[in-house]
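Below is one structure, written out as structure tokens; comments come after it.
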Amino acid sequence: LPGGTGDRGPRLLTAWRRTYGASPAHLLLHLAAITLIAWVLSQSFDARYSASYLNLAIWMVAGAIINDFVAIPLYVGADRAARGLWGRVRGPRPAGPRTAPRPGTVLGNGHVRVPLAMSAVLLLVYFPNIAHKAPAGHRLSTGLAEQPDYATRWLAITAGLMVASGLLHLARRALHRRPTATG
């Protein structure tokens, strides 16, 4: 029924998107993420896990500052270098304005960047354990003894991520090249 109550849902969703800029699911996911972060922070400042609130606050602020002023420029630089290298491997691009890849082209640079970024985050988080240089308070703060095989585990996870990403890339290319049935 045009103009009836049946049109209210799509019109409401269109008005929502125009006002908010994204779907309601976007807002719900962000609210859920903020709730999770708030819970993690409340657990982090619990006296059972942190002997010094000031120490934890300094680490959090320093982490945010280092991420914004050191890590992000490094990420962007590494990404630009990888894109340049990937362009040389794939061959020269046509001259003129930046052109999008051919429709249906399966690019491989994301299949390299994503597992490497995940591996780098794991290295950053577990570096003291990987390098066997865990601080003296490691056992007190985590309740776990230092594991001697963190380096092996990190390398195995990195290899697994790269293999899984490579297989996913090959599967996507195979699906892209498969002829479609016309009928």
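Where a number appears in this text, it was derived from the coordinates with a stated rule and is not lab data. For clarity, every value in this text was computed on a predicted model and none was experimentally measured. Note that each Cβ is placed from the backbone with ideal geometry, even for glycine, and that neighbours are counted across all protein chains shown.
Here is how the numbers come out for the structure above:
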item	result
Computed E for residue 72/residue 12 - FRET, C-beta separation, R0 25 angstrom, nearest 0.05	0.10
Stretch gain in nm, segment residue 23-residue 120, where the contour uses 0.36 nm per residue and the Cα spacing is subtracted	31.7 nm
Virtual spin-label span in nm between residue 172 and residue 58, 7 Å along Cα→Cβ	4.4
